[in-house]
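Heads up, the thing below is written out as structure tokens.
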Amino acid sequence: MLPYPALHASHAGIWIARPGEPARAVERGTAVGLTAETPTILLNAPLTGDRLGYPDLSGLDLLELFAFVHPARFAVPTPAGIARALGLQPPADEAGVPALLIAAAAALVERMRDADWAERHGAWDSVQALTRARWPWAPAVGVSLNRPERPERGLFQRLPEWEEGQPRDPPRPIAIEPEETIGRLARLTGGQAEQRAGQRDYAAAAAQAFAPRARVDTPRLVLAEAGTGIGKTLGYLAPASLWAERAGGAVWVSTYTKALQRQLDREGERLFPDPAARRRRMVIRKGRENYLCLLNLEDAMQGGFAGRAAVLAQLVARWAAYSRDGDMVGGDLPGWLPSLFRRNGSTALTDRRGECVFAGCPHYRRCFVERAVRASADASIVVANHALVLVNAARGRDAGGPTRLVFDEGHHLFEAADSTFAAALTGAELIELRRWVVGPEGRSRGRRRGLSARLLDVASQDEIGGDAIARAIEAAGLLPADGWLGRLIEAQPFGPLETLLAEVRGTVYARAEGEDAGYGLETELAQLPAGLVDAAGPAAAALGALHQPLLQLAQRLEALLEEGPDWIDTPARARIEGAVSALGWRTATLAAWTALLARVGGPADPDFVDWLAVARIDARDLDVGLHRHWLDPTRPLAELVLKPAHGVLVTSATLRGGGDGWQAAEARSGSLHLPAPPTLFEAPSPFDYAAQAEVLIVTDVKRGDLAALAGAYARLIVAAGGGTLGLFTAIRRLRSVHARIADRLARDGLPLYAQHVDPIDTGTLVDIFRDDSRASLLGTDALRDGVDVPGHSLRQVVMEAVPWSRPSVLHAARRAASGDAAAYDDRLIRARLAQAFGRLIRRADDRGTFVILSPAMPSRLLTAFPADTPVSRVTLDEAAERVRQRLSPPPDMVQGGSTPAPVEPR
């Protein structure tokens, strides 16, 4: 038994226990004093510190010990979750948590003494480094480990090397017959396909996207809406796997949320039962900013990180040695691990600045990103996300790329295109460009490498290339530097671009309305003051002075690749090829910025929406700049993504936006810009919504009354016994409601978690919510359709109001261009309501209530819900009683959670 006491703090109270003694309730001051004087076992120190009102709280965080002993292993970061992960008995109540923490710590330490501990390799060296980093657990861990008889291989030697493969042959033109698709579907579902006509029909419709196309720039496009419960994932994987198998090509399945990526990963077990075959034939691909950069990690471990960040680096290194693919965002790195370190340095461990030196990196052959790229080149099914697919197309990386695409969660395709094909000339983007060109300046830390460092051989061996690099570095001196935002606020800008941003900021503030104070501000790029117009010319000239040498450098590098001088060996060639790709992206960005500046003081471009903005949070400026979005982003989507493909399936449970016809789906998918119309298919949900669900519109909660709003949430959560997802349209109201009701709900045994309040990442919050049937979760848009919680854990959705669109320059422009502003707004709102309602019923045995706290909910929006769903306008008293009658927990449901269920019916 370890000699340390344990502390547990929640909204319901604070408890302390010493080994072998019963827990006792204490006051906040006593708890803070104990942790300041004595090493104390905690579970999630940042969260415990928030509960105690002591944000700098530190101690023996059990989650850090778990991450050391079991790297790359999942555990819900709650007492019950840790207990299940370690095979211990979950605590009966919150007073029993400290004893559980002591037992869990002892079990983890004891595990390290077991001869069959699977994660032993590297632990000794890690704990030596963690001791130097003053990790609180190091003494307890150190005495539990024996020094290896022989030196162990370090992380950078243990990771396997990827191998270059032969280029893939083009896929063969084949057709998938309906009966073949049905047969494959039956195999995947275990022979139950005959009982599911909707899934069978959906699979046959999806197969049409895999037929050979008849004309260039005219893909076989299928738009398919499959209601919740159809089983669309296996429905499209059946024809996709058949086509990949027989045509010898790769199907890229693109998602919008990490939850669906995880689900597809699980479905791969049905598609490829053999684990080795599955690893080879089904690959998860993400943008490089998701993967651990080994060179960044090495720098962090060799002194680049200090203090607590150094501990994080060592724990991440432990994880990297056992990780399946090095994915730090949604992969097997516990989402809660980086959040334990308040000044989170995990983003510095990925390549978020485009600084990769490719073959110049000593870890290039072991790089997680390069391994994923090569694995996807030979895979049958590549699971990616909308952002990666669109960015690759926008940056010209899809030449010879996938010819068959499946966009699942296709209702988000418009938003993904809107983000990808936009331009933002902001201070944050400009300083990032400066760092990419120049490298570290002044007291800047980290491995930021400028062009001359990344292309050292070019700078030294080639006169033309070296001259272009030198001129680019000189021109980058006119870009904003460290401290730019402070100089703008103090009206002391330096250089033409800071002067431009100062004028932008002044214009936005001059036009801001009083109620905007404290939040993001924006104004149209029209009727501009003379100072802003005058500043645009010198700013454009400064960008041009940088654009020209970068363009010349890209051209010179391409020439060097063709000429192949003696000093270009294989690593240098790979490094130059990577630089050419990065330069293409940077020069395209500079061209877009220059075009945007040409608009200042000039005529508007009807294809674009331009505006000025100051990004703010809590009354503090974060960024300043000019923005440009396509009025219709599906135009570049169609040109760059859809037309080059041979077949595309766009699918979703709410593709038509909740009660709307196909016109909206066709417009938002880009199909209107293709030569031929798409194939349309609809499969309604098989669920009995009349019996399983109910929509309640509460009519007596006054808008703007925060006390009444908080009271309504509390009553509805109590009535449901937890299991509530609360959705808000404003962070301020979310925080206010949480602050008013969290303590009293906790005293009733109903934990309440919240985005933007709890220091926990969103994915982990959802894991906690899913794991505890009495927990509730408050959140904003990210939870409206990014949550998949089947079963009793999510039995009620409460929306604080109708999710009207936030007024913005972009929304107003698209609204005006639609031709029917009211219908445009209604279409967006119905889509949001349909997506939110879709969180509620995920299985045939689910039951739930959807509540909207809006007395003025328009009846015309009710078509967003399934046609047979009962809808009633009721008082809060009536709503609470109906919820209690419908959702009272079954007798065998106990606190501590329910077993997570399959994500989607198969």
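Readers should treat all values here as calculations from the given coordinates under stated rules, not as data from a laboratory. Here the structure is a predicted model, which is why all the values come from computation and not from measurement. Reconstructed Cβ throughout: ideal geometry from the backbone, glycine too, with neighbour counts over all protein chains shown.
Below, the figures for the structure above:
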item	result
Added length on full extension, which subtracts the Cα-Cα distance from 0.36 nm per residue, Arg352 to Arg168	63.3 nm
Label zone at Val216 (point 7 Å along Cα-to-Cβ), backbone N below 17 Å, the range 631-664	639-647
Sorted by Cβ density within 10 Å, fewest first, the residues Thr863, Thr724	Thr863, Thr724
Segment Ala491-Ala867, length gained on full extension (0.36 nm per residue, minus Cα span)	129.6 nm
Estimated dipole of the chain in Debye, rounded to 20 [Cβ of Lys and Arg +1, of Asp and Glu -1, Cα centre]	1100 debye
Dimensionless Rg over Rh [the range 424-630; C-alpha; Kirkwood]	1.03
Among Val624, Ile431, Ala541 the positive-end extreme of the charge dipole of the range 424-630 (Cβ point charges)	Ile431
The chain, relative contact order in percent, only Cα pairs under 8 angstrom and at least six apart counted	14 percent
Residue-count net charge about Asp217 - beta-carbon cut-off 13 Å; Lys, Arg +1, Asp, Glu -1	+3
Gain in span if fully extended, Glu563 to Ala175, counting 0.36 nm per residue against the direct Cα distance	135.3 nm
Lysines whose Cα lies under 21 Å from that of Lys286, excluding same-chain neighbours fewer than 8 positions away	Lys258
Contact order relative to length of the range 507-600, as percent, for alpha carbon pairs under 8 angstrom and 6 or more apart	38 percent
In range of the label at Ala816: residues from the range 525-551 whose backbone nitrogen is under 18 Å from the point 7 Å along Cα→Cβ	525-529
Whole-angstrom gap from the range 175-242 to the range 292-367, using each part's C-alpha centre	40 Å
Cα centroid of the range 706-735 to Cα centroid of the range 580-654, whole Å	36 Å
Computed E for Ala667/Arg744 - FRET, C-beta separation, R0 45 angstrom, nearest 0.05	0.45
Label-point separation, Ala25 to Arg342 (7 Å along Cα→Cβ), nm	2.8 nm
Nearest-0.05 FRET efficiency for His756 and Ala856, computed from C-beta distance (R0 25 Å)	0.40
Residues listed by number, the range 718-736, amide nitrogen under 19 Å from Arg703 label point at 7 Å toward C-beta	727-734
Fraction of beta bridges assigned by DSSP in the chain that are antiparallel (%, nearest 5)	35 percent
Total formal charge among the other residues, if their Cβ is under 11 angstrom from that of Thr729, Lys/Arg +1 and Asp/Glu -1	+3
Neighbour-count order for Cys361, Cys356, fewest beta carbons within 10 angstrom listed first	Cys361, Cys356
Dimensions in Å of the chain - Rg and Dmax from alpha carbons	28.3, 82
Residue order, fewest to most surrounding Cβ atoms within 10 angstrom, among Asp566, Asp408, Asp482	Asp566, Asp482, Asp408
Estimated inter-spin distance, Ser419 and Ala676, nm [label 7 Å along Cα→Cβ]	3.2 nm
Percent RCO, i.e. relative contact order, over the range 689-887, from Cα pairs under 8 Å lying at least 6 residues apart	36 percent
Distance between modelled label sites at Arg620 and Glu161, nm, 7 Å Cα→Cβ extension	4.8 nm
Cα centroid separation - the range 76-133 against the range 5-54, whole Å	18 Å
Equivalent ellipsoid semi-axes, the range 689-887, via Cα gyration tensor eigenvalues times 5, rooted, Å	26, 19, 17
